[in-house]
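Visitor: This is the structure I have questions about; it appears just below.
A short reminder: the numbers here are calculations on the coordinates, not readings from a lab. Just so it is clear, the structure is predicted and the values come from calculations on it, not from any experiment. Because the Cβ atoms are built from the backbone with ideal geometry, glycine has one as well, and the counts that use them run over all protein chains shown.
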There are 2 protein chains.
Amino acid sequence: MLEKVDLTKSLSKEEYKEVFEPLQWRLNELQRKARSAGIPTIVVFEGWDAAGKGTLINRLASGLDPRGFKVHPISAPNEDERYHPYLWRFWTKLPAKGTMAIFDRSWYGRVLVERVDELTPEEDWRRAYEEIIEFERQLADEGAVIVKFWLHISKKEQKKRFKKLEKNSYLKWKVGKEEWRHHKQYKKYLLAVEEMLEHTSTAFAPWTVIEATNRRWARVKMTETIIDALEEALRRPAPAEPKKAESPEGERVSERKTLLEHIDLSKSMEKDEYSKRLDHLQEDIFQLEHEIYIRRIPVIIAYEGWDAGGKGGNIKRLTNGLDPRGYEVIPIAAPTTEEKAHHYLWRFWKHIPKAGHIVIFDRTWYGRLLVERVEGFCTEAEWQRAYREINEFERQLVSFGCVLVKFWLHISKEEQLRRFEEREKVEHKKWKITKEDWRNREKWDRYKGAVVDMLQRTSTTYAPWTIVEGNCKYYARVKALETVVEAMKNALEGKGA
Amino acid sequence: MLEKVDLTKSLSKEEYKEVFEPLQWRLNELQRKARSAGIPTIVVFEGWDAAGKGTLINRLASGLDPRGFKVHPISAPNEDERYHPYLWRFWTKLPAKGTMAIFDRSWYGRVLVERVDELTPEEDWRRAYEEIIEFERQLADEGAVIVKFWLHISKKEQKKRFKKLEKNSYLKWKVGKEEWRHHKQYKKYLLAVEEMLEHTSTAFAPWTVIEATNRRWARVKMTETIIDALEEALRRPAPAEPKKAESPEGERVSERKTLLEHIDLSKSMEKDEYSKRLDHLQEDIFQLEHEIYIRRIPVIIAYEGWDAGGKGGNIKRLTNGLDPRGYEVIPIAAPTTEEKAHHYLWRFWKHIPKAGHIVIFDRTWYGRLLVERVEGFCTEAEWQRAYREINEFERQLVSFGCVLVKFWLHISKEEQLRRFEEREKVEHKKWKITKEDWRNREKWDRYKGAVVDMLQRTSTTYAPWTIVEGNCKYYARVKALETVVEAMKNALEGKGA
């Protein structure tokens, strides 16, 4: 593929002068339109050393409104980044809707320099391919424009440029041993680049090879490519507004009721046994928290369940056993302005624990498949797509070594009523109940359909759901805590998924 | 002061059992009330090694709703933190309204261990005192509750505890050479602690010394102290709602008009000269950007000015000369939900550049004294206070070594009209003008009063305003760029403020 690239392509100064300025104006205009349309744009620059990435990025930036973009120079991950899943540092740098992120090197580092220099085991960079494709598809599906450039020069041209740089006292720091070593391995790299281009050139995030021998040519091609991508995105019909769901889910419930109906809600536990077991489990988990810290294992505990299902009390019994310096509870409510301006998984990526720490989500990314689906806060296409996206998200966490425990706190409709009424009667519980809880209760059946779908389609071998029989709070608390203790022990013994 | 502390204070198990549980319930209730009232709570734990900070924090956490607080263990600053002003890492960890942040060690490190171990020069820790008091006052003024604990034990008690820890194979890692060295210097530390308690016990953020010999006593005193602080905060009258200002500022304008009226708006520059000088300046700044990166000097450029004053174009000419990997432009619009839940300076602290980088603010923290004042988005007490807060904020930046340049882009009312009309006429400029711009224009005189106050009261020796005569865009761009180049050169030559 790269063999066939015509590296003699060039533009004369005159040709360049004529075409470039109008292109820059056009790009500037499109940047504004993309802002109005709320389209996030991601531009990735990869290429050979001395191929001219820096000056090309400068040129791109100089044509843009400086308030609408950010350049991210990517080098080797720092400690904080190494303690998070591979894509975390890119997720947290994604552009908000209407803005542009320019990556000077990118998530492809893992399949290029880290691969060729054998800095990561084969398993890691092979997995990186999958994760990269998932990552880009997820972003494109939510409307992001992704443009990826490979700046190509020949080995000979690279050598010429290195020599020239070395003669310039101000720039010679750019060429060191590392660069010459890479230069000598040009062929080896070339194979890795070829494979990368083949594996990751997708319809939603294609690579563009830029013949970079002639800088004027490179500038024009870069600008034209971004213009084309933005124009295409702006031609797309605006995404459908979600419609408030008119109970279309109601009918499906009956067919699918089996799963939830089979749950034995009579399971219970006496107070004495509860107290005893809780004490033991809390001692265990305190010890385990220390060990996962030493071993640098990240832990994510995700709580979902019916309103009044006992999430709060359950989380409290779990955290009472933990050293508060090692965990954090993240309550998930309606997204903020900033969160709405990003991919819906962005706000969860932000909170992924550093290796060795525990994060407990009180409600989770499953909101997409529950409240957002049932209340019509997202389109059907969006929640349908979310099953896959969530499974991918969780696999990425688990592949990184996360312990991931997911709870569905289940109670019967009658038990919920009993708890609602109690909350209204008892003074110090009143704050827990709102009109919205009663409104949600009316939609119990619709929610039930969504819950069944969710449990079936997102129970994976690597991230299974634990359904917690919740009518008896004592039983539920012990079961949840036991499940967490078990999962942490397994991880420490290397029996993880 | 600490000599007089009665370290024999204790509670028997029976006494403790009786009092502690009701206190925990009360605290839990107050946490909920503070959430409803939107009060942020900050609890600081400092104290001798082995005084029991860890277990005390555990006990506090176990009584709280885990969704409402976060514990921040503070150790030596990492690289990223060292490249920012001292208080930056605490600002970014501040609790949102209604939540609690618990600091396990804190910003007092600089006047304790860093001081006594001579890790920072005297100048630094002396300045730290001022900055800490400013920091706490600013937070308290916006309604934060600040509780600070010093956990006190005698030298003898510390020795006893160290010996006991050393015998425990699971805990002996807690006592190393460092701890014994500190122990031997108990007296030296004691003097530093005394001074700290004296200097920083303020009405808005008092220290509480906890006699920590007896753990039960310590728990009860800690809990009671937090309860008292929250109760007092909840008794305070709710902060006044800002009233939409009914032009009370109008009258003051005439007296103060001199400053703005003296600006010579006839200053201008021909296109030829402009192009030539711009080219030179852009070359200079590219070089300077590189040098401040090497020397790790942070640069902040703050743009304020009339609507249509030319901020956008001015920033563009500045950034066109810069390598985009070294700078970022932060456009400031209405605050997001998350930003509103924090101190108004929080969102600017977040964007303070890492040493060696440049951040350009397109509108700034001066919004408090301009739009928020004039439109009545904050109370008079709030904007009156802001003069001092902003001066303190800027002094902290400059003390850290920041280059700070502040521009007021000034144009005449007639010139603004001309530009507004042009924008409405010219197709590709239409997007720049909105109804709000016209509405703001009607309030020109009120804004003028606010601008004059701002320029007079926040022009300091360390952070002076540069008024840019803006009727001629060419002149304005060259002047701004020249000012930045000059400031960067001065900093590199050590002639900074």
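Visitor: Shortest first, in nm, what separates the label point of B:ASN490 from those of the same position in the other copies (7 Å along Cα→Cβ)?
Guide: Result for B:ASN490, in nm, nearest copy first: 6.4.
Visitor: Right, next: How would A:VAL451, B:VAL209 line up from fewest to most surrounding beta-carbon atoms within 10 angstrom?
Guide: Placing the least packed residue first, the sequence is B:VAL209, A:VAL451.
Visitor: Next up: Near the amide H of B:THR208, under 5 Å away, which other amide H atoms are found, from residues 5 or more places off or on another chain, if H is placed in the peptide plane?
Guide: Counting only residues 5 or more places away or on other chains, the set is B:LYS148, B:PHE149, B:TRP150.
Visitor: Can you pick out the pairs among B:LYS340/B:LYS435; B:LYS267/B:LYS340; A:LYS33/B:LYS489 whose Cα atoms lie more than 30 Å from each other?
Guide: The pairs that break the limit, which is 30 Å between Cα atoms, are B:LYS267/B:LYS340; A:LYS33/B:LYS489.
Visitor: When all C-alpha to C-alpha distances in chain B are sorted into bins of 20 Å, what percent of pairs does each bin hold, rounded to whole numbers?
Guide: 20, 47, 26, 7, 0
Visitor: Fewest Cβ neighbours within 10 Å first, please rank B:ILE42, A:ILE330, A:ILE210 accordingly.
Guide: Fewest to most other Cβ atoms nearby, the residues stand as A:ILE330, B:ILE42, A:ILE210.
Visitor: I want to verify the translational diffusion coefficient of segment A:65-180 in µm²/s; compute it with Stokes-Einstein, Rh as the Kirkwood radius over Cα pairs, at 10 °C and 1.306 mPa s.
Guide: The calculation lands on 95 µm²/s.
Visitor: Let me ask you something else. Shortest first and in nm with one decimal, please list how far the A:LYS340 label point sits from its counterparts in the other copies (point 7 Å along Cα→Cβ).
Guide: Inter-copy label distances (nm, one decimal, shortest first): 1.1.
Visitor: Which of rounded, prolate, oblate describes segment B:271-327, given a ≥ b ≥ c as roots of the alpha-carbon gyration tensor eigenvalues and a/c under 1.5 marking rounded, otherwise prolate only if a/b is larger than b/c?
Guide: Cα axes put segment B:271-327 in the oblate bin.
Visitor: Rounded to the nearest 20 Debye, what is the dipole magnitude of chain B about its Cα centre when Lys and Arg each give +1 and Asp and Glu each give -1 at the C-beta?
Guide: That gives a dipole near 1760 debye.
Visitor: Take every residue in peptide B:66-79, count the Cβ atoms of other chains within 10 Å of its Cβ, and give the average of those counts.
Guide: 4
Visitor: Using a 7 Å offset from Cα along the direction of the beta-carbon, what are the separations from B:PRO239 to the same position in each other copy, nm, ascending?
Guide: Label-point distances to the other copies, shortest first: 3.5 nm.
Visitor: Can you give me the relative contact order of chain B as a percent, contacts being Cα pairs under 8 Å and 6 or more apart?
Guide: 19
Visitor: Counting helices only, and only those DSSP H runs with n ≥ 4, report the 222 nm mean residue ellipticity of chain A as the sum of -39,500 (n - 2.57) divided by its residues, in deg cm²/dmol to the nearest 500.
Guide: Estimated from H runs of four or more residues: -16000 deg cm²/dmol.
Visitor: Please provide three numbers in whole Å: the alpha-carbon extents of segment A:256-492 along the principal axes, with the largest listed first.
Guide: On the principal axes, segment A:256-492 reaches 46, 44, 35 Å in Cα extent.
Visitor: Mean projection of the alpha-carbon convex hull of segment A:2-235 over all orientations, in nm²?
Guide: 13.2
Visitor: Just going by the charge dipole of the protein assembly as shown, with Lys and Arg at +1 and Asp and Glu at -1 on Cβ, which of B:HIS72, B:MET1, A:TRP207 is farthest out on the positive end?
Guide: It is B:MET1.
Visitor: At q = 0.26 Å⁻¹, work out log10 I(q)/I(0) for segment A:425-481 with the Debye formula, treating every Cα as an identical point scatterer and leaving solvent out; two decimals please.
Guide: At q = 0.26 Å⁻¹ the computed log10 ratios are -1.05.
Visitor: Normalised by the residues of segment A:318-373, what does the relative contact order come to in percent, with Cα pairs under 8 Å and at least six apart?
Guide: It comes to 46 percent, rounded to a whole number.
Visitor: Treating only the Cβ of Lys, Arg, Asp and Glu as charged (+1, +1, -1, -1), what charge dipole size does the protein assembly as shown show about its Cα centre? Round to the nearest 20 debye.
Guide: 1120
Visitor: Which lysines does A:LYS163 reach when only Cα atoms under 21 Å apart count, and residues fewer than 8 places away in its own chain are ignored?
Guide: The reachable lysines, counting only those whose Cα sits under 21 Å from A:LYS163, are A:LYS53, A:LYS155, A:LYS172, A:LYS174, A:LYS177, A:LYS184, A:LYS187.
Visitor: Which whole-number percent of Cα pairs in the protein assembly as shown have a distance greater than 55 Å?
Guide: Everything past 55 Å amounts to 20 percent.
Visitor: Bins of 10 Å, beginning at zero and ending with the bin holding the largest distance: percent of Cα pairs per bin for segment B:371-412, please.
Guide: Answer for segment B:371-412: a P(r) of 24, 36, 35, 5 percent.
Visitor: Something else now. How big is the Rg/Rh ratio for segment A:79-129, C-alpha atoms only, Rh by Kirkwood, two decimals?
Guide: Here the Rg-to-Rh quotient is 1.02.
Visitor: Please name whichever of A:GLY143, A:GLN158, A:GLY109 sits farthest to the positive end of the charge dipole of segment A:85-175, dipole taken about the Cα centre and charges placed at Cβ: Lys and Arg +1, Asp and Glu -1.
Guide: The listed residue farthest towards the positive side: A:GLN158.
Visitor: Let me ask something else. Mind jotting down the three principal axis lengths of segment A:119-252 based on Cα atoms? Whole angstrom, largest first.
Guide: 74, 38, 25
Visitor: Debye calculation, C-alpha points only, no solvent: report log10 I(q)/I(0) for segment B:40-125 at q = 0.13, 0.25 Å⁻¹, in the same order as the q values.
Guide: With one equal scatterer per Cα and no solvent, log10 I(q)/I(0) is -0.48, -1.29.
Visitor: Taking the number of other C-beta atoms within 10 Å as the exposure measure, put B:MET196, B:MET1, B:MET269, A:MET100 in order starting with the fewest.
Guide: Ordered by Cβ neighbours within 10 Å, fewest first: B:MET1, B:MET269, B:MET196, A:MET100.
Visitor: Computed over the Cα atoms of segment B:307-438, what is the ratio Rg over Rh, Rh following Kirkwood?
Guide: Result: Rg/Rh = 0.98.
Visitor: Name the residue from A:ILE292, A:SER268, A:GLN282 whose Cα lies farthest towards the positive end of the charge dipole of segment A:257-299, charges +1 on Cβ of Lys and Arg and -1 on Cβ of Asp and Glu.
Guide: Selected residue: A:ILE292.
Visitor: If you average 1/r over every pair of different alpha-carbon atoms in segment A:360-497 and take one over that average, what Kirkwood value in Å do you get?
Guide: So the Kirkwood estimate lands at 16.8 Å.
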